[in-house]
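Data first, discussion second: the structure below is written as structure tokens.
The values are calculated or read from the model by the stated rules, or taken from the named source; none is laboratory data. The structure displayed is predicted, hence computed values, not measured ones. We place every Cβ from the backbone using ideal geometry, glycine too, and count neighbours over all the protein chains shown.
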Amino acid sequence: MKVEKITESHFKGLINVAQLLKEPVGSSRKYDIRQIGNEQAESSIEGELTLVRSGQGILVRGQLAIKVGLVCSRCLNVFPSSVNLNIEEDFLATTDVFDGLPLASCEESPNSTIDSNHMLDVGEAIRQYTLLNLPVKPLCRPDCAGIKEMD
Ligand SMILES: [Zn+2]
């Protein structure tokens, strides 16, 4: 997958966490990222996420390796690369899983949230972590000579 696909489009990583929200704090579940990603992600992302029931929602933790096409900062060629992500992200519940009522405390929260259908979308978190972990000046190889002068 090219970087643009991650940075500009929304990677879908929806997980239904209704059942986990009903369990006691500390309960956890493991997911292979390939089970929750879309078709496009299957060959591009590897790793496992652990979802832990926290006091106010779900804590998502895990290590992912994502394959991306980077643009060399010297020669501008696109080359395949791999970025490792250490994800640790809190998702706040916005709706009470038992009575379906909105939880007032979550309004204007800067945190990631779980929607009213108890779907947690790790796609946005993965997108942001990927952006944070991309090299500032990628090189296709350490001794890349760059673009030759035209004249
Ligand atoms: Zn290069």
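Please list, ordered by residue number, the strands (runs of 3 or more DSSP E) wholly in the stretch 60-139 having 3 or more residues that are under 11 Å from the mean Cα position of the chain (by Cα) and away from the ligand (no atom under 16 Å from the Cβ).
Values: elements: 78-93, 112-114, 119-121.
Output list reads 78-93.
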* **Top-ranked residue of the stretch 142-151 - restricted to ones that are without any contact (Cβ under 8 Å) to a residue 24 or more places away in the chain and within 16 Å of the ligand (Cβ to nearest atom), ranked as farthest from the chain's Cα centre (by Cα)** => Glu149
* Structure fact -> Filter the stretch 87-104 for residues that are loosely packed, with under 11 Cβ neighbours inside 10 Å and not acidic (Asp, Glu); the one that is modelled with the lowest pLDDT is Ala104
